[in-house]
Amino acid sequence: MPLKPIYFDYNATSPVLPGVYAAMEPYFKERFGNPSSGHAWGLPAKQAMNQGRRQVAGLIGCLPEELVFTSCASESINTVLKSAFWSNPAVHLVMTAIEHPASLECAAWLESQGARISRIGVNRQGVVDPDEVLNACGDEPSFISVMLANNETGAIQPVEEIAVRARERGIPVHTDASQAAGKIAVDIERLGVDYLTIAGHKLYAPKGIGALFVRKGRKLLPLLHGGGQENAMRSGTENVAFIAGLGEACRMASRDLPAEEKRQRQLGTVFLEGLNRLGADYLLHSADTLRLPQTMFIGFKGLRAADILSGLVGYDVAASGGAACHGAETTLSYVLEAMNAPHEYAGGTLRFSWGRLTGLEDVEEVVRRLGLVLESLKPAA
């Protein structure tokens with residue numbers, strides 16, 4: 001009997017939920033109109049877009065008019081960071097060393113254009129020190145970008161404290177909430193940030209849709225010019241079907257977020273209990289700090305991530321590696337490097353992430369299959 005495939009890579013992307021797909025489907029068919037058109041075909045599209053905007057706003061507690069729909073989180077991040085530099089080429093961009101590549105690569109390009117960039121390190125738990133972030137800003141015009149939750153470790157960053165202190169000094173703050181939105185409570189007023197990024201495909205909407213919160217009164221130079229859609233901040237005919245899907249995904253997340261967060265955290269407890277029963281020698285990175293409820297970045301002592309992943313693929317389990325192997329060489333992820341993770345565990349690090357469609361039996365079965373893989377990698381006696 002073939003094994004049931006088990007997906008433990010939700011931080012890479014999530015499946016589109018049936019309810020989300022159902023919300024999208026009419027806008028591929030009879031409601032195909034352009035929302036800028038003032039006739040009977042355009043009006044339903046406009047209404048869907050307005051509803052989607054309200055639903056996304058409801059998830060994070062902002063005003064609907066403070067949202068800009070984009071194609072993805074990478075576009076949103078590029079828009080914010082490039083706008084900060086284009087608005088004032090003298091601005092000092094301060095971020096962490098563990099931001100998503102969308103932020104780090106954008107920063108590297110801006111640096112090539114003359115921007116000054118500071119990348120602040122993190123501690124062994126993968127968390128940045130607010131003092132270091134604020135101190136790096138100095139007295140010059142600055143802009144801060146700190147992710148809310150790291151995509152590899154799941155560690156939650158002290159964005160609220162950073163934003164409160166930055167506001168006292170008039171420093172704008174952006175947070176990439178791509179991995180956090182829909183998994184933990186994300187409240188704009190509590191966070192106090194000026195810009196916030198959401199990625200649809202991380203919370204059960206399709207790939208190809210994102211949202212960017214821009215606090216009322218803040219300016220944003222557009223990355224795309226054209227017809228002036230999205231309050232002239234993101235031109236291009238809006239992706240109505242995907243906006244409807246993102247809105248529905250946010251509505252569904254809002255409906256039961258505390259209960260679902262608790263359930264997924266309990267699955268993590270079961271996962272670790274299973275590992276302990278296996279007798280595996282492992283290190284849970286960021287174990288002593290706040291983390292997302294459904295993410296574990298685990299290093300197995302003396303093993304190579306590629307070997308473990310290869311074994312899991314053979315058992316129809318999807319996960320991600322925190323280290324890549326090139327012959328005899330092992331290259332750690334930049335996040336593990338920034339954390340100064342112990343090398344004997346770092347080289348065998350995998351990320352396990354689960355979600356709404358994951359059940360208790362899935363966790364138990366993944367542990368069983370992982371046990372078989374680890375047993376096969378033990379050196380011969």
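The values are calculated or read from the model by the stated rules, or taken from the named source; none is laboratory data. As the structure is a prediction and not an experimental result, all values here were calculated from the model. Cβ: placed from backbone, ideal geometry, glycine included. Neighbour counts: every protein chain shown. Calculation scope for accessible area: heavy atoms of the full protein, side chains included, ligands and nucleic acids excluded. Shrake-Rupley method; radii C 1.70, N 1.55, O 1.52, S 1.80 Å.
Quick one: in the range 170-301, what % of C-alpha pairs are over 22 Å apart?
Tail of P(r) above 22 Å: 52 percent of Cα pairs.
Counting only complete DSSP H runs, which helices of the chain cover 15 Å or more along their long axis at the Cα atoms and score a mean Kyte-Doolittle of -0.5 or above?
Those that pass (Cα extent of 15 Å or more, hydropathy at least -0.5) are 42-60, 73-87, 101-112, 240-278, 360-376.
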Checklist entry - Where only protein heavy atoms count, and the probe is 1.4 Å, what is the accessible area per residue for the range 57-205 in Å²? => result 32 Å²
Checklist entry - Probe 1.4 Å, all protein chains in place: accessible area of Arg169 in Å², nearest 10? => result 110 Å²
Checklist entry - What is the set of long-range amide H partners of Thr70 at a cut-off below 5 Å, with H atoms built 1.01 Å from backbone N? => result Gly210, Ala211, Leu212
Next on the checklist: As a test of reading the structure, rank Leu110, Leu290, Leu221 by solvent-accessible area (1.4 Å probe, protein chains only), most first.
Outcome noted: Leu290, Leu221, Leu110
Checklist entry - Using a simple charge model, +1 on the beta-carbon of Lys and Arg, -1 on the beta-carbon of Asp and Glu, nothing else, what dipole does the range 144-273 show about its Cα centre, in debye to the nearest 20? => result 240 debye
Item to check | Solvent-accessible area, 1.4 Å probe, carbon plus sulfur percent, for the range 147-260 | outcome: 53 percent
Item to check | Unit charges at the beta carbon, dipole of the chain: most positive-side option, His285, Tyr7, Thr295 | outcome: Tyr7
Checklist entry - Tally Lys/Arg at +1 and Asp/Glu at -1 over every other residue whose Cβ is under 13 Å from the Cβ of Pro206; what's the total? => result 0
Checklist outcome for this item: Between His92 and residues 5 or more places away or on another chain, the pairs with built amide H atoms under 5 Å apart involve Ser142, Phe143
Checklist entry - Semi-axes, largest first, in whole Å: what does sqrt of 5 times each Cα gyration tensor eigenvalue give for the range 1-108? => result 31, 27, 12
Checklist entry - How much accessible surface area, in Å² rounded to 10, belongs to the heavy atoms of Glu105 with a 1.4 Å probe? => result 130 Å²
Next on the checklist: Quick check on my link table: of Lys82/Lys301; Lys4/Lys183; Lys262/Lys378; Lys29/Lys216; Lys29/Lys207; Lys4/Lys207, which ones sit more than 30 Å apart, alpha carbon to alpha carbon?
Outcome noted: Lys82/Lys301; Lys262/Lys378; Lys29/Lys216
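Just add up the charged neighbours of Asn123: K/R +1, D/E -1, any other residue whose Cβ is under 13 Å from the Cβ of Asn123.
So the surrounding residues net to -3.
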Item to check | Efficiency of FRET between Lys207 and Asp139 - r from beta-carbon atoms, R0 51 angstrom, step 0.05 | outcome: 0.75
Next on the checklist: Within the range 1-61, what whole-number % of the accessible surface is contributed by carbon and sulfur, with the 1.4 Å probe and all protein chains included in the calculation?
Outcome noted: 61 percent
Checklist outcome for this item: Mean accessible area per residue over the range 222-296 (1.4 angstrom probe, all protein chains present, square angstrom) is 46 Å²
Next on the checklist: Quick query: amide H of Ala155 versus all other amide H atoms, modeled in the peptide plane; which residues come in under 5 Å with a sequence gap of 5 or more or a different chain?
Outcome noted: Asn150, Leu292
Checklist entry - If you take the Cα atoms of the range 125-222, find Rg, then find the Kirkwood Rh from the mean of 1/r over all pairs, what is Rg/Rh? => result 0.97
Checklist entry - Treating the beta-carbon of each Lys and Arg as +1 and of each Asp and Glu as -1, no other charges, what is the dipole magnitude of the range 1-58 about its Cα centre, to the nearest 20 debye? => result 160 debye
Next on the checklist: Charges on Cβ only, +1 for Lys and Arg, -1 for Asp and Glu, centred on the Cα centroid of the chain; of Pro26, Leu257, Gln113, which one is farthest towards the dipole's positive end?
Outcome noted: Pro26
Next on the checklist: Under the rule a/c < 1.5 gives rounded, and otherwise a/b versus b/c splits prolate from oblate, where does the chain land using the Cα gyration tensor?
Outcome noted: oblate
Checklist entry - What list of ³J(HN,Hα) couplings, whole Hz, do you get for the range 171-182 from phi and the Karplus terms 6.51, -1.76, 1.60, once you set θ to phi - 60° and write x for glycine and proline? => result 9, x, 10, 10, 10, 8, 9, 4, 8, 9, 4, x
Checklist entry - Protein chains only, probe 1.4 Å: how do Ser320, Ser76 rank by accessible area, largest first? => result Ser320, Ser76
Next on the checklist: Using each residue's phi in the range 347-358, evaluate 6.51 cos²θ - 1.76 cosθ + 1.60 at θ = phi - 60° and report the 3J(HN,Hα) Karplus result to the nearest Hz, with x for Gly and Pro.
Outcome noted: x, x, 8, 10, 9, 10, 9, 10, x, 5, 8, 8
Checklist entry - Counting only protein chains, not ligands or nucleic acids, how are Trp354, Trp109, Trp41 ordered by accessible area (probe 1.4 Å), most first? => result Trp41, Trp109, Trp354
Checklist entry - Of Leu221, Asn239, Gly208, which is farthest along the charge dipole of the range 190-247 in the positive direction, counting Lys and Arg as +1 and Asp and Glu as -1 at C-beta? => result Leu221
Item to check | Net charge of Cβ neighbours under 10 Å - reference Ala97; Lys, Arg +1; Asp, Glu -1 | outcome: -1
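Rounding to the nearest 20 debye, state how big the charge dipole of the chain is about its Cα centre with +1 on each Lys and Arg Cβ and -1 on each Asp and Glu Cβ.
Approximately 780 debye in magnitude.
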